[in-house]
Every structure is written in C-alpha cells, then in structure tokens.
Amino acid sequence: MKDHPDLIELVLPDETATVELGEDLALALQAGDCVALWGDLGAGKSTLCRALLRAVADDPDLEVPSPTFTLVQSYDLRLPVSHFDLYRLADVSELAELGFDEALSNGICLVEWPERAGKALPKSRIDIRFQFSKEGGRVVLLSGPEAKLTRLRRILQIRRFLEDNGFDHASRRHLTGDASTRAYEHIYPANGDARLVLMDAPARPNGPPIRDGKPYSQIVHLAEDVYPFVAIDEALRMRGFAAPAILATDCASGILLLEDLGTEGVLDAAGKPIQERYRASAACLAAIHDSPFEREIALRGGRVHVIPDFDRPAMKMEVELLLDWHLPWKRDGVPVSAAERESYLNIWDNLIDELATVEKSIVLRDFHSPNIIWRGERTGHDRIGLIDFQDAMIGPSAYDLVSLVQDARVTIPRPLMDQLMADYLALRNRTAEFDEATFLKSWAIMAAQRACKLNGLWVRLLKRDGKPGYMRHMPRTLWHLSVAFEHPVLAPLRRWCAEAGIELPESAA
C-alpha cells in the first residue's frame, strides 16, 4: 500500500486480494456513499462488488447477478446497496428513471462504467480505478474527499494490524457500532479457529470546553482511548470475572483484538428479561462489589490507569440534562428559570452529600442487557460475560444495581425488580461490613440520578442528534424515577419535579 495525500494505491496480486478489499470496503462505507469503479473488462470491478455485497449481507452464497441488462440491481441489506452497471446506459437522463438519487439518499450506490454518466455522479464520490499490473494482478487507486479517504485508510490499517498479528486473510464482518466513536467487527481466522471480536476505537477528540475549561467527556469521565478498557479488563479477569481475553493490541491506534464471549444475551426472543439470567447477573454483580479494586492499574509499557471518581461535577452535569432538554421539550421550548435551576441543583448538592458515607466500589456504568453476555455452558459467575466497561469509575456500588434492575431499554417488571434486589441484598448481607439501609438510600439516589440523566438524554438524542427512536424509552425511565421517589431521602426532589410539571407514571406500561 502507498498512501499519497489525495489517494491510496494498492497492489492486488490475485482475486483473493480483490475479494478482501471488497469485504474491507463493506465495513467503511456509509449511507450516501457513491463508489465509482473504473477499469477495463476483466479488471476486477464485478469481483469487488460481489465480495462487498456478500460481506454487507453476511452471506457468502448471496446471489449477485450482473446488472448489465437491468442496469441496476438493488439489495435490502443492513445498509441498502444499489449496484449499477451503466455500460448500456443510452442517456444520462435515464439515471433519474433508475432511481439513482433515491438509492443514494438512504444507501450505497456501486457504479460500474461511471464514465457513461458524464457529470451526473456526485462530486463527493469515492473513485476506485483498476489498472493491470505488469507483474500480474492489479493496481488499484482509491480517491475521494478527505473524510471518506480517512475511513478507507482506517479499514486498511486494521487489515494490516490483523496481518501483523498472524491473521492473514481473515474474514471481517460488521458486528455493531454505537453513538460513540467505537465500532466492532467479527473476525473469522482463515485457519478456521474460533471467531474473534475486533474493537475499533480511535482516540476520542475533545469537544469544546463547556465548564471549568473541560469538555463534556472529561467532566463525566468518558474514556478517551482504549487504555481504560485494557486496564479494567485485566482487573476483572484477575479477579475471576468473565471479561474477554485481549489477544492483540495497538493501543496507540485504538485497535484491540478480543476473545468472542458470544452473542447470547439475557433477553428472550420477544425482548423480555429471562429471570434466571438476570438473577445470575445480580449474583455476579454482588461478587464484583465484594471484591476490592485498586484505583491505580499498571499497564504494560509503564502506563498507569487511574480509575476516576464518580464525583460531584460528573453527577451534576448528567442530571442537568433534565433541565436543559427534558423540561424545555415538555414546555414547548420554554427554558427553565434561573430560580428553578438553582433550586434543583441545590437539592442535588444535598443528595450528593448524602453519598459521602455510602459504600464505594468499581462502577462498570452500563451493567445492563446490551452488555451482559449469557454463557449457559459455563458455571457460576463465568456464565456472565462482561463487555463495554471502559467508562468505569469509583463510586456508589448501588449505581450498577440500578443499571441492572432499571434497565433503560428493557422493562423489568416490578416483581422481578424486587426479586433481583432481594437476591443481591441477601448475598451482600453475608458480610458484616455491609449496611443494607445505607445501601438502599444510595440506590434510591443513584436511581434518581440515572433517571434524570436519561429522561434528558432521550430528548437530546431527538432534538440535537435527529434520533427519535430513543423517545420510546421515556415512559419506562420516568417510571424508574417514580420508583426511586419511594425512598424518603428523595422527598425534596419529588416535590420539585411535581412543581415543575413532570408527570410520573405508576408503571412502565
């Protein structure tokens, strides 16, 4: 590979290399990408398109007919893909009749013989030019806007990482991506060994400073690179918990190759909680809280990760989402008054003061259904696979129990919620140091803290990020707040919410 400022040059010695490039491109492309493939007959354009489509479909046997006569073949996949062959295009105006603009608006367009389209293709496209090599094989030149070339460079960097660590010709498939900078792939070694998981997590760029010269991510202690994940992973595994083994790393680049803990979760086919699995998760969490964790974790190379505190600034920054997003949304755009803000934050200062003497432990932060892997063939706590803990902090241990029993995205019926609480408390009460009354007070405070954050976050995702789907969770997280309000320590916040016009349901339904 030769990386020039405005293009990438690759040598593809054989068809296998062309197929690998197609599979890699499937991981880099996004809706709205137009890929123009230039080259003579037999140059490899169709081979690349076929490999890309099968990778997006995750189906090696997907039938990919040539669109030579139909001009376009569309595929309703994870990302919609339309494969255009313009060799027989009679006039550029036919592109509109073929639905090109519509296909590009919500998916990917692969275009063979793009020269037939004249100037009709978008200027922001990715161009892939195939040339025959004198040594045999092909030379491929990839060019396009810098932002799109950055994506291509990243997937090629990951391919080199795999090769450098002994995984030549491994197959790669999309696993998941989230609202953060992280994405995940399934890696299938060429020798048939067990499937692996690759974490693609480049260092998080700092956003603008919003308070005390710090960006939001630093105030609420979000991991900015992969070192916290590596540190917490090693700490969990050292104590016998089922975090994934780390098989290869390029921490500076944000690439980790991990053991695949599986894909079976704690929900049934209808998305409802499976009681046995949730109770096992509560037992695992109790064991984690019974295990001491050092604040400083030494890593290879002399680096030390210091687990941050779930401190007052972080808690207050999160609960302010209710003020900044939920209430203005509820009031048709009218912001909260200065007096309301001051009263609300004073209440939270007092509640945070109440946490001064409660039990502190490692807080995995997102101990809920998407991040709990069920490994039914194992025994004990090894049945509970743990992922997505890079944002771990030291704080009230009750927070993770809140995350489990008040799952933001899954309704945990009240009887099961109460059973999980009882299971956890029974296990923790085996030690004389555990103070159940103080723990329950901290549980109520952290339940309210998390619910205030989420009921603001859903609106922010709607209004700022254009993601309305999260609003379906709001009735559930408002109910969670009402459950937290059952504890007398939250009486001031309960009154404030009532005066602010926040209506709380009696159940999650």
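Before moving on, here are some points about what is shown:
- For segment 340-470, the gyration tensor built on C-alpha atoms gives an oblate shape. Its axis ratio a/c (a ≥ b ≥ c) is at least 1.5, and a/b is not larger than b/c.
- If the segment from Ala426 to Ser105 were pulled out straight at 0.36 nm per residue, it would be longer than the present Cα-Cα gap by 110.1 nm.
- Value of relative contact order over the chain, rounded to a whole percent, pairs C-alpha under 8 Å and six or more apart: 11
- Cα centroid of segment 382-416 to Cα centroid of segment 88-139, whole Å: 48
- With R₀ set to 60 Å, the beta-carbon distance separating Glu486 from Lys119 gives a calculated FRET efficiency near 0.35.
- Estimated purely from DSSP H runs of n ≥ 4, each contributing -39500 (n - 2.57), the mean residue ellipticity at 222 nm for the chain is -11500 deg cm²/dmol once divided by its residues.
- In a fully extended conformation the segment linking His4 and Val92 would gain 28.4 nm over its present Cα-Cα distance, using 0.36 nm per residue.
- Where chymotrypsin sites (Phe, Trp or Tyr not before Pro) fall in DSSP loop in segment 42-86, at most 15 other Cβ within 10 Å: Phe69
- Of the GluC sites (Glu not before Pro) found in segment 1-79, the ones in coil according to DSSP and having at most 16 other Cβ atoms within 10 Å of their Cβ are Glu63.
- Förster radius 30 Å - calculated FRET efficiency between Arg211 and Ala298 (Cβ-Cβ, nearest 0.05): 0.45
- Using a Förster distance of 41 Å, the FRET efficiency for Asp168-Arg460 (Cβ separation, nearest 0.05): 0.40
- Degrees separating the helix 227-238 axis from the principal Cα axis of the chain, which is the longest one: 60
- HN-Hα J in Hz across segment 382-394 - Karplus 6.51, -1.76, 1.60, θ = phi - 60°, x for Gly and Pro: 5, 6, 9, x, 10, 9, 6, 10, 5, 9, 4, 9, 9
- Within segment 125-166, trypsin sites (Lys or Arg not before Pro) in DSSP loop having at most 13 other beta-carbon neighbours inside 10 Å: Lys134
- In nm, spacing of pseudo-spin labels at Thr263 and Thr181 (7 Å Cα→C-beta vector): 2.8
- Axis angle, to the nearest 10 degrees, between helix 146-164 and the longest C-alpha principal axis of the chain: 90 degrees.
- Net length gained if the chain between Ala356 and Ala252 were fully extended (0.36 nm per residue, minus Cα distance): 33.8 nm
We did not get these values from a lab; they are worked out from the coordinates using the rules stated. Computed from a predicted structure; not experimentally measured. Please note: Cβ atoms are built from the backbone with ideal geometry, for glycine as well, and neighbour counts cover all protein chains shown.
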